[in-house]
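Data block below; observations after.
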Amino acid sequence: MRIGVLTGGGDCPGLNAVIRAVVRKGVGVYGHEFVGYRDGWRGPLEADSRPLGVPEVRGILPRGGTILGSSRTNPFADADGPKRVAENLEAAGVDGLIAIGGEDTLGAASRLHAEHGIPIVGVPKTIDNDLGATDYTFGFDTAVNIAMEAIDRLHTTADSHHRVLIVEVMGRHAGWIAFHAGLAGGANVILIPERNFDVEKVCELVGRRFASQFAPIIVVAEGAVPAGGMPDRNEASTDAFGHVRLGGIGHWLEGEIERRTGKEARATVLGHVQRGGTPTAFDRVLATRFGLHAIDAVHDGRWGTMAALRGTEIDLVELSEATAELKTLPPSMYEEAEVFFG
Ligand code: F6P
């Protein structure tokens, strides 16, 4: 068989580990051939590919990013997109695809399979950990560790200067990174997209923390919203899947806290640092296992499925299930952390 591989959406540490596992087992055990499509769905849409064999995947296990490149190209953006994908695969003699991506890439994969009969197996990825069908996605553990280390460092400088330090982390719809990094780093306030927050309450917690002679650290997810809404979010700037470019809540909070408490506040926006660099051991192992199960699924003709972590086992679930539900932080988990606030 000849299999195409693509990586779409925001990149994520561990993508190369998946690619390596797919190719190593696909070539070594099953004798398949591979085509690497560049930049997510742009590759099959524009017939842009590169060779992908065992020599190409040597040494990539610890490397962040993706050797295939990534994009947020939506194959459904043009009416003839799905047809072009199907024709280009056929012309290249590609029997099926492995699509590694998050809700947008896999949502497109699910539709291309269900509505256009394109044979696809999915692998879930996102640092946000918000895909419902799998217990964890790779990349998340790395992002949490990067954010935790930043919080550890901010504690000491916050205390030296008696400042409020705010860390803005990624998390568009779900506060998994904010919650895990905040809990691991001993944050004094954690703000997540799942529950609108009251700025006055945040200021109260800031005061309580200063009263203990230590300075407060606030972790805020980029998608967190104050009660009453965020006045100046730039709704005009969207990507091919219609997502608004977030960011700004950390600096907004900085101003509000200074104005309301008279304490100096500074925001650090971690941004893409959370997505770059080498994956943790946990993410390398999870990504590798996803890759091994994905190539098994291809070999067995289980098209329209996706590898998913359930407990400690990797299962295959329907691609349609992968993006059916966003996995948000359960309220009870958030409440567990509240004992450390202030
Ligand atoms: O989907 C992962 C994610 O990291 C989100 O948390 C974040 O909002 C988004 O990607 C940022 O994407 P981009 O790099 O395209 O701005």
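For region 191-206, which residues satisfy the criterion of being part of a strand (DSSP E or B) and within 16 Å of the ligand (Cβ to nearest atom)?
Passing the criteria: only Leu191.
So which of His113, His173 is outside any helix (DSSP H, G or I) and more than 25 Å from Arg266 (Cβ to Cβ)?
His173
Can you pull out the residues in region 51-76 that are free of Cβ contacts under 8 Å to residues at least 40 places away in the same chain and closer than 22 Å to Arg111 by Cα?
Scanning region 51-76 gives Pro75, Phe76.
Mind listing whichever residues of region 52-75 are surrounded by fewer than 18 Cβ atoms within 10 Å (Cβ to Cβ) and in contact with a Phe, Trp or Tyr (Cβ under 8 Å, 6 or more places away or on another chain)?
Residue satisfying the conditions is Gly53 alone.
Can Arg42 be described as closer than 30 Å to Thr328 by Cα, within 16 Å of the ligand (Cβ to nearest atom) and under 25 Å from the mean Cα position of the chain (by Cα)?
Criteria met by Arg42.
Taking only region 259-284 into account, find how many residues are more than 13 Å from the chain's Cα centre (by Cα) and either assigned to a helix (DSSP H, G or I) or of a type in the set (A, V, I, L, M, F, W, C) (or both).
10
Consider His162 carefully, then state whether it is in contact (Cβ under 8 Å) with a residue 24 or more places away in the chain, in the same structural domain as Val202 (by TED's automatic domain parsing), surrounded by fewer than 21 Cβ atoms within 10 Å (Cβ to Cβ) and more than 25 Å from the chain's Cα centre (by Cα).
Yes, satisfied.
If you go through region 163-190 one residue at a time, how many are on the phi > 0 side of the Ramachandran plot and either more than 11 Å from the ligand (Cβ to nearest atom) or in contact with a His (Cβ under 9 Å, 6 or more places away or on another chain) (or both)?
The qualifying residues number 1.
The values are calculated or read from the model by the stated rules, or taken from the named source; none is laboratory data. Not measured: the values here are computed from a predicted model. Neighbour counts are summed over all protein chains in view; Cβ atoms, including those assigned to glycine, are modelled from backbone coordinates with ideal geometry.
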